[in-house]
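Q: Take a look at this one; I'll ask things after.
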Amino acid sequence: MVVVIPRLLRGSLGAICTQAALLRSTPSAFRYLTRSSVMKSKRRPDHLERTADVVRQEIFLHIQTTEGLIHQPEGVHGLGNKGSSPVTSVVSAAKVCGVASESPSVKRLCLLVADKDFSFKAGQWVDFFIPGVSVVGGFSICSSPRLLEQERMIELAVKHANHPPALWIHNQCTLDSEVAVRVGGEFFFDPKPTDASRNLVLIAGGVGINPLLSILRHAADLLRERASKGQGYEMGTVRLLYSAKDTSELLFKKNILDLVNEFPEQIACSLHVTKQTTQITADLRPYITEGRITQKEIRDHISKETLFYICGPPPMTDFFSKELESSRVPREHICFEKWW
């Protein structure tokens, strides 16, 4: 089942992608976010308000005119002299097919999405619609696009909060619960085979790991494709810098280390803990640094071939984006998304 929402009713989501200069019209596979815009209101805006201007996945419909049937392909805007095409954003029905605790405060969901029109780019999020809950959630997808292509599944990881969608996920969501999702966001990594090879530095704080894990997994899929077929996008190196309160709150540790071990020459990680009170296990110890991510770590990876993706609390994203700019990294190589 595909539910379509007219363009005039397009909303937004619980997470926020903030920027002042967004290159919407560029055909490049990389979308760059360069500045933040802050909504000045004493009331905390909800997800749809914060992302009201952010692009959602759209499709163009076949429409009948006096001149015959016209088909507007996805991504083509306008009909010239033939009038305008009805643009819709796709809301896809989904069923919960897996629920697990990823950490003491984070639940991981696996959703089965059968609709063929549903797709996403690594780093994007979904508007999350729950029957009987009037507030729309906004959660980053943490799985790779390849999982959706092969198994029609996506994964989300949601931190406990008093926000109604998060409360529903932690307190009421069960296997076979039915929801609906809609893709949005311009924070993504989606290179074409002919694009120039890039290195990635992924900087994550807390649950900001979610979109960056999707990008990391997508990069691994591109490395596998290149290794097995000898063709496709030529991925550079990937470095993940990830900070959390303690090792129990470092999400997806096994998944991350599995990728580091699978691609030791291309993928590396540095896991930071800021308030560790328990002993760090032997398997994690080689990757753990006690203390925050430092400016020096970031500067050590600056090059003209490197793109920086940052996702975490607003003070963190502000700090590192400004630090990179002061180190003369081109703004178009600094991509960030803030989550409140």
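The values are calculated or read from the model by the stated rules, or taken from the named source; none is laboratory data. Note that the structure is a prediction, hence the values are computed from the model and not measured. In this analysis, Cβ positions are derived from the backbone assuming ideal geometry, glycine residues included, and neighbour counts consider all displayed protein chains. SASA here: full protein model, heavy atoms, side chains in, ligands and nucleic acids out. Shrake-Rupley method; radii C 1.70, N 1.55, O 1.52, S 1.80 Å.
Q: Under 13 Å from the Cβ of ALA268, count the other residues' Cβ atoms, weight Lys and Arg +1, Asp and Glu -1, and hand me the total.
A: Working: positive: ARG239; negative: GLU262, GLU265, GLU297, ASP300.
Surrounding charge for ALA268 is -3.
Q: Separate question: Hey, can you grab everything whose amide H is under 5 Å from the amide H of HIS272? Only 5+ residues off in sequence or another chain; H modelled, so Pro and N-termini drop out.
A: TYR242, SER243, ALA244, THR289
Q: Tell me, what ³J(HN,Hα) does each residue in the stretch 197-212 have, in order and in whole Hz, if you take phi through Karplus 6.51 cos²θ - 1.76 cosθ + 1.60 with θ = phi - 60° and put x for Gly and Pro?
A: Karplus values, whole Hz, x for Gly and Pro: 5, 10, 8, 10, 10, 10, 10, 10, x, x, 6, x, 5, 4, x, 6.
Q: With θ set to phi - 60°, apply the Karplus curve 6.51 cos²θ - 1.76 cosθ + 1.60 along the stretch 166-180 and write out the HN-Hα couplings as whole Hz, x wherever there is a Gly or Pro.
A: In residue order, the calculated couplings are 5, 4, 4, 4, 7, 10, 10, 5, 9, 4, 6, 4, 9, 9, 9 Hz.
Q: For GLU102, what residues show an amide H to amide H distance below 5 Å, using hydrogens built from the backbone and excluding near sequence neighbours?
A: Amide H neighbours of GLU102: LYS107, ARG108.
Q: Still on this structure: For a quick protection proxy, order the peptides 218-231, 113-126 by their average other-Cβ count within 10 Å, most packed first. Display every interim value, and only then the final one.
A: Values: 218-231: 16.2, 113-126: 21.6.
Listed from highest to lowest mean packing, they are 113-126, 218-231.
Q: What is the set of long-range amide H partners of PHE188 at a cut-off below 5 Å, with H atoms built 1.01 Å from backbone N?
A: Under 5 Å from the amide H of PHE188 lie the amide H atoms of ARG31, each far enough along the sequence or on another chain.
Q: How big, in percent, is the set of alpha carbon pairs in the stretch 85-200 lying more than 24 Å apart? Before the final figure, lay out each step's value.
A: Numbers: 1799 of 6670 pairs.
For the stretch 85-200, the fraction of Cα-Cα distances above 24 Å is 27 percent.
Q: Per the 1.4 Å probe, what fraction of the accessible area of the stretch 90-186, in percent, lies on carbon and sulfur atoms?
A: Values: 1850 of 3750 Å².
Carbon with sulfur: 49 percent of the solvent-accessible area.
Q: I would also like to ask the following. What distance in nm lies between label points placed 7 Å from Cα along the C-beta direction at GLU49 and ALA114?
A: In this crude label model, GLU49 to ALA114 measures out at 3.7 nm.
Q: What are the ³J(HN,Hα) couplings of the stretch 150-160, residue after residue, when phi is run through the Karplus curve with 6.51, -1.76, 1.60 and θ = phi - 60°? Round to Hz, x for glycine and proline.
A: After applying 6.51 cos²θ - 1.76 cosθ + 1.60, I find 8, 10, 6, 10, 10, 10, 10, 10, 10, 7, 4 Hz.
Q: Please give, to one decimal in nm, the separation of the simple spin-label points placed at ASP300 and SER248, each 7 Å out from Cα toward the Cβ.
A: So the two model labels end up 3.0 nm from each other.
Q: So what's the projected area for the stretch 198-338, the Cα convex hull averaged over all directions, in nm²?
A: On the way: hull surface 33.1 nm².
Hull-based average projected area comes out at 8.3 nm².
Q: Could you order ASP190, ASP283 by accessible surface area, starting with the largest, using a probe radius of 1.4 Å? List each step's numbers first, then the result.
A: Details: ASP190 35, ASP283 100 Å².
So the residues, ranked largest to smallest area, are ASP283, ASP190.
Q: Moving to a separate point now. With each label point set 7 Å from Cα along the Cα-Cβ vector, what nm distance links ARG226 and GLN276?
A: Going from the ARG226 label point to the GLN276 one covers 3.2 nm.
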